[in-house]
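Structure record follows, encoded as structure tokens.
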Amino acid sequence: MMKFRSKRFCRGSFKFCGNNNNKGSEKANCENIYNNSEVKWEVRPGGMLVQKRDSGDSVAELISINVSTLSHFHLISIEATSTFGELKMVLSLVSGLEPREQRLLFKGKEREDSEYLHMVGVRDKDKVFLLEDPAIKEMKLHSMPRGQSIGTPCITV
């Protein structure tokens, strides 16, 4: 946590507290109001330095994302500050694909697991495409014994 001092405005006035134009009593009143409190700052995931919110107001915003595959459609509710890796974990429960087998596309670009949804611009009701990784799909096909179709289970003794 970082602490910075900032200039404050007086109540009822649009001038800085330290101006010489202020009356003496107004200046003293302004200093008494603001000297006791310090501004607390935090660094957001994108590196932006912002004033820290009160802990009571920090309710995570849930967004609904439309996830489309080639043949299915899923509506997923997730926090806006989640990463694409966390979204893959949720999608693994719904789609049956492990997170390493998934490729997520948003706005025509494949997104990395460490990218945050809100930093990339994902908003409520946006569409994300889920594709199976072609390299892993090919490895699965080559690892099956010959003569076995895709739908039948592999039994080894």
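Any chance you could run the full-extension gain for E110 through N66? It's 0.36 nm times the residue separation minus the Cα-Cα distance, nm to one decimal. Working shown, then result.
On the way: separation 44, 0.36 × 44 = 15.84 nm, distance 1.60 nm.
Taking 0.36 nm per residue and subtracting the Cα distance, the gain is 14.2 nm.
Suppose every K and R has +1 on its Cβ and every D and E has -1 on its Cβ; what is the size of the dipole of region 42-134 about the Cα centre, in Debye to the nearest 20? The partial results should precede the final answer.
Working: 12 positive and 16 negative charges, 58 e Å.
Charge dipole, region 42-134, about its Cα centre: 280 debye, nearest 20.
No lab work stands behind these numbers, since they all come straight from the coordinates. Worth saying up front: this structure is predicted, and the values here are computed from it rather than measured. As a convention, Cβ positions derive from the backbone with ideal geometry for all residues, glycine included, and neighbour counts pool all protein chains shown.
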